[in-house]
1. I'm trying to understand the selection: among the residues of segment 215-232, which are surrounded by 22 or more Cβ atoms within 10 Å (Cβ to Cβ) and in contact with a Lys or Arg (Cβ under 6 Å, 6 or more places away or on another chain)?
2. For segment 29-57, what are the residues that are open to solvent by 20 Å² or more (accessible area, probe 1.4 Å) and aliphatic (A, V, I, L, M)?
3. Quick check on segment 121-132: of everything there that is of a type in the set (A, V, I, L, M, F, W, C) and assigned to a helix (DSSP H, G or I), which residue is surrounded by the most Cβ atoms within 10 Å (Cβ to Cβ)?
4. Wholly within segment 148-250, which strands (runs of 3 or more DSSP E) include no fewer than the required count, namely at least 1 residues that are free of Cβ contacts under 8 Å to residues at least 60 places away in the same chain?
5. When residues of segment 76-120 are filtered for being assigned to a strand (DSSP E or B) and surrounded by 20 or more Cβ atoms within 10 Å (Cβ to Cβ), how many remain?
6. Quick one: Lys351 ticks every box in (1) in a loop (DSSP other than H, G, I, E, B); (2) without any contact (Cβ under 8 Å) to a residue 24 or more places away in the chain; (3) of a type in the set (Lys, Arg) bar one, so which box is it?
7. Here are the criteria: (1) exposed (fewer than 12 other Cβ atoms within 10 Å of the Cβ); (2) within 30 Å of Val470 (Cα to Cα); (3) out of contact with any helix residue (DSSP H, G or I) (no Cβ under 7 Å at 6 or more places or on another chain); (4) not hydroxyl-bearing (Ser, Thr, Tyr). Tell me which single one Leu640 does not satisfy.
8. Any idea which residue in segment 63-114 is nearest to Arg32 (Cα to Cα), counting only those that are of a type in the set (Gly, Ala, Ser) and without any contact (Cβ under 8 Å) to a residue 24 or more places away in the chain?
Amino acid sequence: MPKLIIDGNEHDFPDGITLIQACGLVGVEIPRFCFHERLSIAGNCRMCLVEVVGMPKPIASCAMSVNDLRPGPDGTPPTINTKSETTRRAQEGTMEFLLVNHPLDCPICDQGGECDLQDQAMAYGFNAGRFKDNKRAVEDKYLGPLIKTSMTRCIHCTRCVRFMTEVAGVPELGLIGRGEDAEITTYLEHGIHSNLSANIVDLCPVGALTSKPYAFQARPWELAKTPSIDVMDAVGSSIRVDSRGKEVLRILPRINDAVNEEWISDKARHVWDGLRTQRLDRPYLRKDGKLAPCTWDEAFAAIANRIKSAGAEKFGTIAGDLAAAEEMFALKTLADELGSPNIDCRQDGSKFDPTLGRATYLFNATIGGIEDADAVLLVGCDPRVEAPVLNSRILKRWKQLSGKLPVGLVGADVDLTYPYQRLGAGPETLLEIAKGGHDFAKTLKDAKKPMVILGPAACARSDGYDILTVGAKIATEIGAITDEWNGFSVLHAAAGRVAGLDLGLVPGDKGLGTADMIAAAGKGDLEVLYLLGADEIDMSDVGKAFVIYQGSHGDKGANRADVILPGAAYTEKEGTYVNTEGRAQMTARAIFPPGEAREDWTILKHLSNALGKPLPFETLQELRSKMYAAAPQLAQLDALEKADPSPIAKLASHAAKPGSDPFGLSMDDYYLSNPIARASAIMASLSAMLADAGKATGTDG
């Protein structure tokens with residue numbers, strides 16, 4: 001381990017780190033603009049100059065490794081002075097140069113209050129510069145509906161360029177020109193085609209890139225900041241919800257190295273405007289064919305009368321993709337009290353069975369474990385759409401191995417941002433790999449830590465159980481399951497799916513699943529259908545069934561409903577969600593639900609009283625106590641315990657006869673995949689941009 005003397009104190013440091021990182025480890029903060037821990041080193045800004053004793057001039061600490069420094073003539077360790085006059089003058093000189101062309105926009109700049117340039121100008125700047133030349137001006141660029149540009153402010157740190165190339169995998173940003181003519185731009189002058197693009201707003205150390213939807217909305221000190229969890233996909237990214245009064249004004253990422261590092265998808269970040277539109281804020285009851293406002297008591301009475309007249313065997317419930325564990329537990333408890341076995345949380349029709357064991361429906365390799373994998377087989381999934389942050393981990397691993405990570409795909413031909421080998425389109429290829437007859441089977445078998453990732457499009461089919469079985473066979477045959485490693489991984493797209501499976505929200509003895517309930521409702525065999533935020537089913541197929549919709553938005557389910565019970569969105573309640581790898585996390589209430597809307601578990605509690613089947617809890621704490629007794633893993637917040645892998649081998653031993661239909665895609669439009677997103681004008685603009693990009697050809701002018 002190299003030794004360094006920093007500001008008079010000697011320290012040992014690990015091999016390979018940079019000098020700026022070494023200073024950070026011992027609590028010495030070095031100013032920087034271009035350096036970022038998760039990006040490659042550029043050495044553009046020169047703000048991190050420090051004095052190294054014996055060197056003729058200050059060096060850029062971000063580009064100098066601790067292993068490259070030489071001892072002094074008398075054998076003493078290399079000496080670095082971060083507070084000397086030489087260092088101070090170098091940093092002040094750099095700041096003066098950076099401000100030569102920077103406009104005095106601070107009063108109208110959205111970066112104000114969160115600007116690295118402001119903060120460091122206070123520490124290293126002065127009240128007047130010596131340069132009197134005219135400031136240069138740069139034309140603003142169009143980067144899509146999410147990113148507002150003021151390129152005259154740009155200091156060419158290239159953080160945005162490096163992020164788009166290295167993390168997002170979409171090299172559409174670059175630096176063109178030289179000297180005063182240098183500009184950051186998209187090469188083809190169109191919106192950025194990446195669902196991680198808005199992260200460059202956080203990375204920009206000045207006000208050159210700001211959030212277009214958030215422009216001139218608020219100053220950071222006006223906002224209440226609430227740590228929470230994203231539910232737009234099943235990754236469970238850590239987020240911060242910034243609100244003022246009754247409205248959410250923006251959503252930002254929180255650092256969580258185990259899950260999302262410090263990135264979030266564009267949908268997670270900008271779906272906030274959908275939280276305030278098309279909201280259900282009062283109960284409704286259909287009278288004479290039209291929905292009309294009513295009281296809670298009237299709504300509960302109508303539901304109770306219909307359920308009692310229909311009977312338990314003709315009552316069914318479906319939980320949606322955004323439902324939290326608390327309301328799903330309350331719903332299951334109510335269904336059990338009524339004696340109805342017709343319950344399902346698998347809105348997409350996937351064939352997971354929690355009785356087989358938790359390992360059969362989890363991303364067992366873990367999200368962080370992707371960085372240990374040395375071969376990947378993707379089955380019926382498009383992680384770039386279904387889990388953008390997880391997909392960036394695979395790209396990161398591909399780059400760590402210098403492009404030598406073999407990735408095979410069985411399914412639709414998609415753009416994953418990294419090279420892959422398309423092995424086939426459907427189950428026939430999968431069976432060939434399972435039997436060892438495919439070349440990629442040998443690649444997987446030769447790998448030390450191979451991964452088999454089964455996506456929603458593979459499992460949400462009539463033969464989904466057989467596909468799951470074949471996936472388990474492959475994992476066991478290639479040696480993907482050992483004491484140290486479990487490469488059998490299921491990628492979910494719905495935030496509420498794993499918690500629903502953990503709680504057993506699947507049909508009971510002789511019960512009906514989602515597809516069977518809809519079919520029975522269409523035939524008249526199921527008279528009452530309770531939708532807990534379930535909007536992704538075909539409402540035209542439920543026939544004349546009495547539909548109860550409980551949710552936050554006036555979407556497909558509410559339009560078909562006979563009774564509407566307004567619930568709370570994920571930013572308006574404390575709810576437990578379990579991500580695709582089995583990690584239980586909790587959202588926090590940032591604002592209150594609008595109007596007469598209530599938290600979802602309380603609605604089910606009051607409905608149970610109206611039915612004469614009161615649920616056995618009065619408070620959220622009592623509910624969670626009983627929920628944790630039923631599913632102890634939900635109590636382990638922010639912790640990840642490995643699931644017992646033995647059920648995978650048992651699953652693999654079952655006979656499998658999958659169909660021959662090729663795997664499709666799990667969602668038609670990434671930006672409009674749930675009720676909140678469909679209510680968002682920002683998501684609609686992104687969807688339109690994506691549609692236009694799909695129409696473009698290489699010959700378009």
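The values are calculated or read from the model by the stated rules, or taken from the named source; none is laboratory data. This one's a predicted model, so the numbers in the text were calculated from it and none came from an experiment. Every residue, glycine as well, gets a Cβ built from its backbone with ideal geometry; the counts of neighbours run over all protein chains shown. Please note that ligands, DNA and RNA were not included when accessible areas were found on the heavy atoms of the full protein model with its side chains. Shrake-Rupley method; radii C 1.70, N 1.55, O 1.52, S 1.80 Å.
1. The one that is surrounded by 22 or more Cβ atoms within 10 Å (Cβ to Cβ) and in contact with a Lys or Arg (Cβ under 6 Å, 6 or more places away or on another chain): Met232.
2. In the first step, residues of segment 29-57 are kept if they are open to solvent by 20 Å² or more (accessible area, probe 1.4 Å); the result is 29, 32, 36-38, 40-42, 44, 46, 49, 51, 53-57.
Correct list: Ile41, Ala42, Leu49, Val53, Met55.
3. At the first step, the residues of segment 121-132 found to be of a type in the set (A, V, I, L, M, F, W, C) are 121-123, 126, 128, 131.
Filter once more, so that each one left must be assigned to a helix (DSSP H, G or I): 121-123.
Details: Ala121: 17, Met122: 8, Ala123: 11.
Only one residue tops the list, namely Ala121.
4. In segment 148-250, 173-176, 183-186, 224-229, 238-244 are the strands (runs of 3 or more DSSP E) which contain 1 or more residues that are free of Cβ contacts under 8 Å to residues at least 60 places away in the same chain.
5. Start the filter on segment 76-120 by keeping residues that are assigned to a strand (DSSP E or B), which leaves 79-81.
If we keep only those that are surrounded by 20 or more Cβ atoms within 10 Å (Cβ to Cβ) too, we end up with 80.
Count: 1.
6. (2)
7. (1)
8. Just the residues of segment 63-114 that are of a type in the set (Gly, Ala, Ser), to begin with: 63, 65, 72, 75, 84, 90, 93, 112-113.
Next, from what is left, pick out any that are without any contact (Cβ under 8 Å) to a residue 24 or more places away in the chain: 72, 75, 93.
Numbers: Gly72: 27, Gly75: 31, Gly93: 14 Å.
Among those residues, the one meeting the criterion is Gly93.
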